[in-house]
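Engineer: Okay, here's the structure, questions in a sec.
Just so it is clear, none of the values below were taken in a lab; they were calculated from the coordinates. These numbers were taken from a predicted model, which means no experiment stands behind them. Here Cβ is always computed from backbone atoms with ideal geometry, including for glycine, and neighbour counts include all displayed protein chains.
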Amino acid sequence: MTTLQRVISALAELQMIALLAVLIIRRHYQRLPMFTIFVGGSIASGTFLKLNYTWNGFMIHSVVTAVLRFGVALELTRCIFGAFPAAAATARRVMFAILLVTAFVAFVMTGPSATYTRVHAEAIPRLGATVIWILTAVAGLVLWYRLPIAPLPRAILIGYAPYMLLYTVALSLLFSAEAQPYRSLIGYVNSGTFMLLVAYWISVAWRTASESSAPQLPPPPALVVPRLAS
């Protein structure tokens, strides 16, 4: 790693530690436990990558973070649609269809002669693409049903979907032979974008209380009781 890469890595790690501290201090972990685990797991995985900065170490780090991101996407689905049975039923059907299509594509596209590196190079972007589809479907269902969203889940949803699109494209380019001269630039763009996203999450998590992680239901309609004529 170059000096600039080490500095960016250290700053990103400090940001994630700050985000984890804010989630604990403001008690967001009670409403969003998987997101808290994702932040802590990302810190641990990043530390592992520093100690094992090899190609295999990078792939292990990428697989772990991809699985954690997948868990965050599923948690957002539960958190947003949990209080709305009709929307939750539709969300479950959509998620099942996405998972089914992803599993089918992975089975068809991975041949028996695929190498270890090739399998990971294809699996990681597919996991990222699955997260993108889930987040996009969640956003679409939220708009369709006009559901209220708490500040922190909203920040995760509207921030993570665009970043995951950028991350998946960047990761695909890293495995491409034509993009090898631009690997450093791709890494800087990806790291800088993620640091902006984490800064946004820290700001929202600090400004909101843990209770605001739950969806705010609209007040019930006023009950008008007719007065009897005397």
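Engineer: Using the basic label-point model (7 angstrom from Cα toward the beta carbon), what is the LEU165 to TRP144 distance in nanometres?
Structural biologist: Between LEU165 and TRP144, the label points sit 1.9 nm apart.
Engineer: If neighbour count is taken as other Cβ atoms inside 10 Å, put SER42, SER176 in order from fewest to most.
Structural biologist: Working: SER42 22, SER176 13.
Least to most surrounded, the residues fall as SER176, SER42.
Engineer: I've got another one for you. Can you give me the distance in nm between label points at PHE48 and GLN5, each placed 7 Å from the Cα along the Cα-to-Cβ direction?
Structural biologist: About 2.0 nm separates the two model spin labels.
Engineer: Using only alpha carbon pairs under 8 Å that are at least six residues apart, calculate the relative contact order of region 3-213 and give it in whole percent.
Structural biologist: That works out to 30 percent.
Engineer: Compute the normalised compactness of region 3-213: alpha-carbon radius of gyration over 2.2 N^0.38 Å, N being the residue count.
Structural biologist: 1.05
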